[in-house]
Amino acid sequence: MSKRRPVVAIVDDDPRLLESLEDLLESAGYVARSFSSPGALLVSGLSGLDMLITDIGMPGMDGFELRDLVKKARPDLPVFLITGRHEIVDQHRAKGIGGLFCKPFDGQALLAAIGDALRNPKTEPKHDS
Amino acid sequence: MTIAPNSLGETDSNATLALTHDLDRSGPGSGRPFATNEPGLIRGNMISDLERGRLSRVWSHRPQFLHLGLFITAYVLGCGFAQSLAIIPGTGISIWPPSGLFIATLVFASRYSWPWWVLGACVAELFSNFLWFHTPLPAAFLIFAGNALEAVTGAWLVNQTCKRPVRLETLRDVLAFVVLAAGVAPVASATVGSAALAWFGIQSQSFATAWPLWWIGDATGVLIVAPLALVVFQNWRGKAQLSAARWMEACVLGLIFLGIAALSLSGYLPFAYIIMPPLLWAAVRFEFRGAAVALTVLALITAVFTISGASQFAGDPESQKHNQIMLQLFLGISAFSALVVAAISRQHQAAVLTLRESLEALRDRERELSQLVDMVPSHVWRLTPDGEPTFFNKRMVDFLGLDVTDLDKQGIGRLAAMIAATVHPDDAAAFGDTLSHCLATGERFSMRYRLRRADGVYHWMSSRAEPMRDHAGLIVQWYGLCHDIDDQMQAEEALRRSELQLQQMIDAVPVRIWSAVPTGGPVYFNKRYQDHFRAVIANVERLREPRIEELLQELVHPEDAPEVLRTLLTCFETGGGSAMRFRWREKDGYRWAECRVEPRRDEDGAVVQWYGVSLDIDEEVRAREALRQASDKLAQATQAASLAELSASIAHEVNQPLAAIVANSHACHRWLGAVPPNVERAKITAERIIRDANSAADVVGRIRALFKQSTETRTNGALSSVIAEARDLVTEEAMRRGVRISVDVESDIPLVALDRVQIQQVLVNLIRNGMEAMDSGADDGVISIRVRPIGDVVQTEVRDRGRGVEFPDRIFEPFFTTKEQGMGMGLAICRSIIESHSGRLWVEKNEPRGATFIFTLPVEMEAAS
């Protein structure tokens, strides 16, 4: 509560989810910036962002591509992926890739993970809710 | 004498020919016969053509001079004979042979030659008068005129009465000759001659006393000489046809005749008429010729004895006249009797000959008939009224190897023997009974039976017999005719066998067969059919002549019967065949059958007979049903697999609102848990939770509707109205996105069976896909929807001008469909829906850009048919 509030960007093609995530993050004291597509995020720019949460399945560029792109420009920026497709999550967790959340995700767990990632950006989140 | 019969003159017809010939050649010319000798021609036209013709005819008919000379000589000799026989010398009244010679000659000669013979006779008589009679020339000429008149009259009458040539071989001819030539003709001679004697006072004869003597003399002369002369004329060139025995008989007869004549006429025998038996013998045995010769001989002997005075006809002058008459009467009666008997004998001989010839002819006929009977290619037999065989023709004898006489056995009759020996044992009793019945009643016999051939082989025979009755109606004979019909019977038997085989085959094949006449009435059902009837229809006999309707009602499944009846009636009406499937009622339920009906036509194309065959296909139908059910299960399984694939999409659809709800719930909880609680934000968040939960419920509801397994919702609908509804649903979104939607539906689109909601969803999904594809960059977005019928499907195309489809093969996989926002429907679901409508959904690339999603729906076939 001392310094400025962290800024979290959300990318999802479902406006209802964008809305609900924005509400959740704001209730936790974050600044939420919503984008309906990766393109919109990239146009807006990555500067000033502390965190990125993106959906995987989207028209055009999907979540993995966006993450890879963002990691090149901001390797320090923590990126969380969310998806409604459980089989995708299962697939990637088997490969040991972290930062994956299944819809519907546990709000507390997500906020805890965001908090961890912002406090210690070097470490990958390990939760699995 | 060497007078040839035909040389005496030519026939009338020849004469007529000659006359015609001359008349035709009336003008002068060379080469005409006798022309130079004709006085008429020499003297010019002083005589008429007719006279000239007659003269020339007479001239041309002149007899040969040799014949004329012989005639004159014989005439003179005859006169000499008369003179020598004249009891009163100088009178010339006695038997007068020249009269016979004269008449016979004229009878035999052509009438046109008569003047020549008359001339010859005149010469001969005048010469004889000069030699013996010494009558004054006028008287002699007058007497000759009488003789000539007699000869001409007699010859003319005989020729008129008897048929030519005169042969005196019938009684009629002889009587005519006797009456006319010997009775009537001498009247002329006697009258003229007696008148001449009386006129000239020759020999102091009065007309009354001379006339009978003259008449009887001429008559006797005619009777004795004329037959001989005719015989000589007719047989001059004829060969002797007598056998040695006949010659012997002739010689013996001649000796006896001469002996008796000599003895009787010389007075050793008391009575001159004792000569009659040998005379008649000659007449009977040698006929006319014998009579003529015998009479001549008798006349000569009589003459000789009379001249020598040894005859009983000789005597003192008082009795001479009487004797003269007696002699002539004797000769006349003898001649008359001999000629009559000869004619009768001749007639008898002719009759005997005719009879013999008739007999011969009869025998020939009989032989011919017998050959005919033997040649008939059948057996001909004859029975007595009692039934005993009396005749078999040759063929029958050859066939049986025995004749009727072979049937004569001890103890049994011929008929019984014949039946036992020849008729097949199986037929023998019937044959015997039938024949006995016919014999008893006189009815015609007709029967077929087997007859044993000589080699022991039995042949089928068709036998008939009829009785022949006499005038009284009594049966005289039975005549029978018997044909070999073995080949025919064999053929009939073969035909029967073949028919039986065919029948057995028809009964054996596992189909039901019927046939009917064109009017439609059933006429034949094979055994399987009849068994079927008996099995299904209670007391089938009550249906004597079942009608088709009745049968169908009884035999066919009630649901199928009307259709079957309709099909059959259509066949009968149109003359076309048909095939149909229906269920027969069987003893234990219904069975499927296929029935085919075909007509048989004659050359004119008219239906002669209807044939139907019914084949049990129950097992095939049931197998097919089982297969169809298996296929349906497979389809369901396929659908289930497709659903499994789709579950991922469904999860996504549900998880999306769920995720929002969960996040909002946490946010709401935080807003309320803050110090102080941010009730305003919590309230907003709670409202969002409610909204999203409803949205999730909607999704679940839609999914439920999507996979509801019901075809009841499918209706026959026009695709155009479904498209219009879908367009309405996306119009607002399209306006927001700046996309124009054009719809092009061809007219006359057939109806399709569809679930309106599902197809609507497919359309909305495809349209939205298209609009989303055009979001990036394209400023003039157009979605073109086109509907057209292709074959038996209706094809709908949704075309966009977007970025196109990168992986058209994978686009329908669930993974690639996760980009929807509102409705949450993937292309996989679209495909699933279309396929559940028996349609197809695929994507094609557009040129230069964009994609076209195409789906087809089958035309509603039931509605179409």
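Quick note: the coordinates plus some simple rules give every number you see, no bench work behind them. The structure displayed is predicted, hence computed values, not measured ones. Backbone-built Cβ (ideal geometry, glycine too); neighbour counts: all protein chains shown.
Odds and ends about this structure:
- Remark: for residue pairs A:72/A:103; A:72/B:683; A:72/A:95; A:103/B:845; A:71/A:103, the C-alpha separation exceeds 29 Å in A:72/B:683; A:103/B:845.
- Residues residue A:86 and residue B:683, FRET efficiency given R0 of 30 Å [Cβ-Cβ distance, rounded to 0.05]: 0.40
- Cα pair distances in region A:7-119, grouped into 5 Å bins until the bin that holds the longest one, percent each: 2, 12, 25, 28, 22, 10, 2
- Taking other C-beta atoms within 10 Å as the exposure proxy, B:523, B:340, B:231 rank B:523, B:340, B:231 from fewest upward.
- Per-peptide packing, taken as the mean over residues of other Cβ atoms within 10 Å, places B:587-593, B:675-681 in the sequence B:587-593, B:675-681 from highest down.
- Neighbour-count ranking [beta-carbon atoms within 10 angstrom, fewest first] of B:374, B:780: B:780, B:374
- Maximal additional length on extending the residue B:123-residue B:728 stretch stands at 200.8 nm, based on 0.36 nm per residue less the C-alpha distance.
- Exercise: per-residue mean of other protein chain Cβ atoms within 10 Å, A:23-36: 4
- The slack in the chain from residue B:698 to residue B:840, taken as 0.36 nm per residue of separation less the alpha-carbon distance, amounts to 48.3 nm.
- Per-residue extension of 0.36 nm, minus the Cα-Cα distance of residue B:602 and residue B:578, leaves a gain of 6.7 nm for this segment.
- Candidates per trypsin sites (Lys or Arg not before Pro) in region B:368-417, loop by DSSP, up to 12 other Cβ within 10 Å: B:409
- Inter-probe distance in nm under a simple model that places probes 7 Å from Cα toward Cβ, at residue B:553 and residue B:691: 7.5
- Per residue of A:84-92, other chain Cβ atoms within 10 Å of the residue Cβ number 3 on average.
- Net charge, residue B:515 excluded, C-beta distance under 12 Å - Lys, Arg +1, Asp, Glu -1: +1
- Neighbour-count ranking [beta-carbon atoms within 10 angstrom, fewest first] of B:384, B:105: B:384, B:105
- The Cβ shell under 10 Å around residue B:750 holds other residues with a net charge of -3, Lys and Arg each +1, Asp and Glu each -1.
- Base-10 log of normalised Debye intensity for region B:376-491 (one unit scatterer per alpha-carbon) at q = 0.16, 0.20, 0.22, 0.23 Å⁻¹: -0.71, -1.13, -1.37, -1.50
- Pairwise FRET efficiency - residue B:170 versus residue B:485, Cβ, R0 = 51 Å, nearest 0.05: 0.30
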